[in-house]
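Each remark here refers to the structure printed beneath this line.
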Amino acid sequence: MPLTNETGKVVLVFAGQEFPEPGTTARLAARGHALGSKEASYLVHLYEEERSFPACLNGFFHAVLADKTRGTVSLMNDRYGMQRLYYHESKDAFYFAGEAKAILAVHPELRAAEMASLGELIALGAVLENRSLFQGISVLPNASLWTFRNGAVEQKGTYFHPEEWESQTTLDPDEFYGELREAFVEALPRYFTGRQSVAMSLTGGLDTRAVMAWYRGSAGSLPCYTFGGTYRECRDVLVARRVAQTCGQPHQVIETGADFLSRFPQLAERTVYLTDGGADVSCAPPLYVCQKAREIAPVRMTGNYGDQIIRRFRAFKPSMPAAGLFRPELMTHVKAAFQTYNQIADTHPLSFSAFRQTAWHHSNLLALEQTQLTQRSPFLDNGVVRASFRAPACAIENNVARLRLISDGNLALRQIRTDMGVGGKHESFPGSIIRRYQDFTFKAEYAYDHGMPQSVAQIDHALSPFRLERLFLGRHKYYHFRVWYRDELSKYVQEMLLDPLTLSRPYLDRREVETIVHRHVKGGRNYTTEIHNLLSLELFHRVFIDH
């Protein structure tokens, strides 16, 4: 960077990834463009040739383009809002950066928390409607194409509207599957291209299975890894290992054990810092495992967003914190977050998943993980998402489309049950029994970890000598914060949350904070979510506001 055309009249700075359709560079070369040695040099010529630019781009990105002939500068980002761009408008200038902390460096007076955003972060773990956690700093909306002339904003445009894909005709199940398969199979090879080596982040689910089913590299060419814990080998590890073996690919496990716990204070602070407060401390495990994954390969292929696109799964929803923890002034914003969420969720279900959930929820974790490695997933490829808008209701309600996709790519993988018991040779019997059992263990683990009801926490505390958590934990998840905050991380929790500086925050009820910490550490109550919020908010203040 920067990229320029032959005359130097067009200059482009592009950050992110773009997966062009086959033949794009050859077509540009045939039209007389000198592509040069830079891998991304075709992008500046695509701007010159394609009137739809940047709508023709496919991937996560943000960019700034100067066209000296037209006398304009354009600011743009991807249609999913995954590659965040922060901005601040003042009387004298327009500031933008890939991280809010860069704007804070030149405008320290903006180091003030936006209370509405804090309320949403507490209720949802995400900030909505293109706001940041800082007063006066916003996030560029999805599919933005903002034009500047003579140093001033000329137009705040949008190059893509979800209605373009929503208005497509719904297909019958077979037609839909055919279109989905064609889009997926055509897209997948593009995600394995590039000069950097790729490794597969393999789970026990259907989405990474579909990727493996259609991967056409040679045996031993794709290192695979799965994230695991210390209680036992979880279902992801057991199933993923078998999938990798069936495909002739190497497999290893990245564990979150004693080393992670010893580094948690630093990882928690780093998580908040790297994401400008957008990701809370519960995302420290993904940061840790991505650091380890970077040692295997710099590019991490995933099946992320498959459920959200194919099944239109909602990955986040609001929840109310413990009564009395936050003072009424902040609770007003927490309650308002419920109303805001309901308003933005009142849209096409797939548009919510693909264009709102991505931008305001998924982008935080992506930003964190991409500080360690490059992350890819074919399920947010434009062709795959566009095809998914044509799904009939029956295709959304079950896993038939993905099972067919796996079967057509590699029948042997279709015969391996997922971590939740889906698939296999005999789906009716004993498949139905296996699915019920895995569903029970999944829910039991949730109920024995951060989802444990207070009444059960009291019983568990009374029976603590038996260490009943060993019966349930580690079957599906590789991190277990309820137990960690009670045991291994209890000292850190108390040092942070009972510190006079923390207790002096004006939006907290001091006595309630002390009660929550003492009760959780003793084991008689479960306040995992509240501790997540309290630690994240305190680190946010110490890292960004108190300076």
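The values are calculated or read from the model by the stated rules, or taken from the named source; none is laboratory data. Values in this document were obtained by computation on a predicted structure and should not be read as measured data. Cβ sites come from the backbone with ideal geometry, for glycine too, and all protein chains shown count toward neighbours. Remember, those area values only see protein heavy atoms, side chains included, never the ligands or the DNA or RNA. Shrake-Rupley method; radii C 1.70, N 1.55, O 1.52, S 1.80 Å.
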- [ ] Output the number of residues of the range 76-110 satisfying the condition of being in a helix (DSSP H, G or I) and either open to solvent by less than 20 Å² (accessible area, probe 1.4 Å) or touching a helix residue (DSSP H, G or I) at 6+ places or on another chain (Cβ under 6 Å) (or both).
- [x] 4
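Please go through the range 405-415 and give me each residue that is surrounded by fewer than 18 Cβ atoms within 10 Å (Cβ to Cβ) and in a helix (DSSP H, G or I), ordered by number.
Within the range 405-415, 407, 408, 411, 412 qualify.
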Task: Checking residue 195 against (1) surrounded by fewer than 23 Cβ atoms within 10 Å (Cβ to Cβ); (2) over 21 Å from residue 300 (Cα atoms), the condition it does not meet - done: (2)
Task: Count - residues of the range 466-513 that are small (Gly, Ala, Ser) and part of a helix (DSSP H, G or I) - done: 1
Task: Failed item in (1) assigned to a loop (DSSP other than H, G, I, E, B); (2) touching a residue at least 40 places away in the same chain (Cβ under 8 Å); (3) open to solvent by 40 Å² or more (accessible area, probe 1.4 Å); (4) at negative phi, with residue 129 passing the rest - done: (4)
Task: Residue list for the range 266-282, restricted to those being assigned to a helix (DSSP H, G or I), open to solvent by less than 40 Å² (accessible area, probe 1.4 Å) and either closer than 19 Å to residue 527 by Cα or among the hydroxyl-bearing types (Ser, Thr, Tyr) (or both) - done: 268, 271, 281, 282
TODO: Answer yes or no: is there a residue in the range 217-231 that is of a type in the set (Phe, Trp, Tyr), open to solvent by 20 Å² or more (accessible area, probe 1.4 Å) and either at pLDDT 95 or above or in a loop (DSSP other than H, G, I, E, B) (or both).
DONE: yes
Open item on the list: Would you confirm, using the coordinates I've provided, whether residue 493 is more than 15 Å from residue 323 (Cβ to Cβ), modelled with pLDDT of 95 or more, touching a helix residue (DSSP H, G or I) at 6+ places or on another chain (Cβ under 8 Å) and surrounded by 18 or more Cβ atoms within 10 Å (Cβ to Cβ)?
Closed with: yes
Open item on the list: Condition first: of a type in the set (Lys, Arg) and over 22 Å from residue 514 (Cβ atoms). Now tell me which residues in the range 451-501 satisfy that.
Closed with: 467, 470, 475, 477
- [ ] Under 6 Å between Cβ atoms, at least 6 apart or on separate chains: pull out the pairs that start in the range 440-469 with a residue that is more than 14 Å from residue 483 (Cα to Cα) and end on any residue that is in a helix (DSSP H, G or I) and at pLDDT 80 or above.
- [x] 444/472
